[in-house]
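Data first, discussion second: the structure below is written as structure tokens.
The values are calculated or read from the model by the stated rules, or taken from the named source; none is laboratory data. Nothing here was measured: the structure is a model prediction, and the numbers come from that model. With ideal geometry, Cβ positions are generated from the backbone for all residues, glycine too; neighbour counts draw on all protein chains shown. Just the protein is used for accessible areas: all its heavy atoms, side chains included, with ligands, DNA and RNA removed. Shrake-Rupley method; radii C 1.70, N 1.55, O 1.52, S 1.80 Å.
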Amino acid sequence: MLAPAWTAPVLRRMPEVSEVIETSFRHGELDLSLRWRLGRSLRARRYLEAVVLPNSFKSALIPFFADIPLRAGYVGESRFGLLNILHRLKQRDLPLMAERYAQLAEKPGDPVSRPLAAPRLSVDLANLLITVGRLGLHRGKQIVAFCPGAEFGPAKRWPAAHFAQLARQLAARGSDVWIIGSASEAAIGERIAAASGGAAVNLCGKTDLA
């Protein structure tokens with residue numbers, strides 16, 4: 001998996017992923033020479049196929065520079081030549097992002113195999129016990145995690161009052177509710193926790209992806 005460094009902790013917990021190659025490109029940055037060098041460095045690995053999930057032109061450059069013979073992805077930003085297994089997105093047929101990504105595993109035009117397999121992550125038990133102990137958390141039978149933050153602000157967020165109401169309903173059924181996110185989301189986490197009447201615990205800024 002070739003991906004931004006901040007996603008690596010999640011990718012390394014995917015049983016299907018044998019290696020994570022971290023990139024350091026800034027958002028929107030082309031940096032053609034760096035992409036060329038990275039692509040050329042991957043040639044010796046002789047990968048057979050690359051599946052390019054993003055739709056941007058620049059995301060298709062590294063597999064092309066690496067001379068990977070099969071390069072699948074959506075046409076996106078007119079990526080003819082960079083990709084040679086081209087899919088055309090039919091949004092009405094594939095309303096879910098997960099389905100759109102799953103489509104890339106099929107031949108162009110073939111239907112997605114439904115239902116999609118449920119995602120799985122490997123759990124580092126030692127890390128889990130240390131983190132739960134450090135935060136003084138009690139692990140109940142069912143834990144529900146809220147991720148209330150959104151990169152582009154309140155317009156993309158579910159209202160805090162709704163999160164709080166859901167937390168109360170879940171707690172009444174015996175679930176533990178944890179609010180997770182970065183330090184920049186601590187304020188929204190605190191609003192939800194307060195409005196939930198103690199049904200949710202605010203952990204924003206106290207954990208990371210690992």
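Values for this structure:
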| quantity | calculated |
| --- | --- |
| Lysine pairs in the chain with Cα atoms under 27 Å, if 8 or more residues apart or on separate chains | 7 |
| Distance in nm between pseudo-label sites at Met97 and Arg173 (7 Å out along the Cβ direction from Cα) | 2.4 nm |
| Nearest 10 degrees, 0 to 90: helix 32-41 Cα axis against the chain principal axis | 80 degrees |
| Rel. contact order, % - alpha carbon contacts under 8 angstrom, at least six apart, the chain | 13 percent |
| The range 105-210 shape via C-alpha gyration tensor axes, a/c threshold 1.5 | prolate |
| Cα gyration tensor shape of the range 57-132, rounded if a/c is under 1.5, else prolate or oblate by comparing a/b with b/c | oblate |
| Accessible-area composition of the range 64-210, carbon plus sulfur, in percent [1.4 Å probe] | 57 percent |
| Per residue accessible area of the chain, 1.4 Å probe, in Å² | 65 Å² |
| Over the range 1-83, volume per residue of the alpha carbon convex hull, in Å³ | 94 Å³ |
| Gyration tensor (alpha-carbon) shape descriptor, the range 28-76, a/c threshold 1.5 | oblate |
| The range 25-122, relative contact order in percent, only Cα pairs under 8 angstrom and at least six apart counted | 20 percent |
| Residue list for the range 1-23, given a label point 7 angstrom along the Cα-to-Cβ vector of Ala183 and an amide N cut-off under 19 Å | 6-7 |
| Low-density loop positions, GluC sites (Glu not before Pro), the range 31-100 - DSSP coil, at most 16 other Cβ in 10 Å | Glu77 |
| Cα long-axis angle, helix 186-195 against the chain (0 to 90 degrees, to the nearest 10) | 40 degrees |
| Using alpha-carbon coordinates, inclination of helix 160-172 to the longest axis of the chain, degrees | 70 degrees |
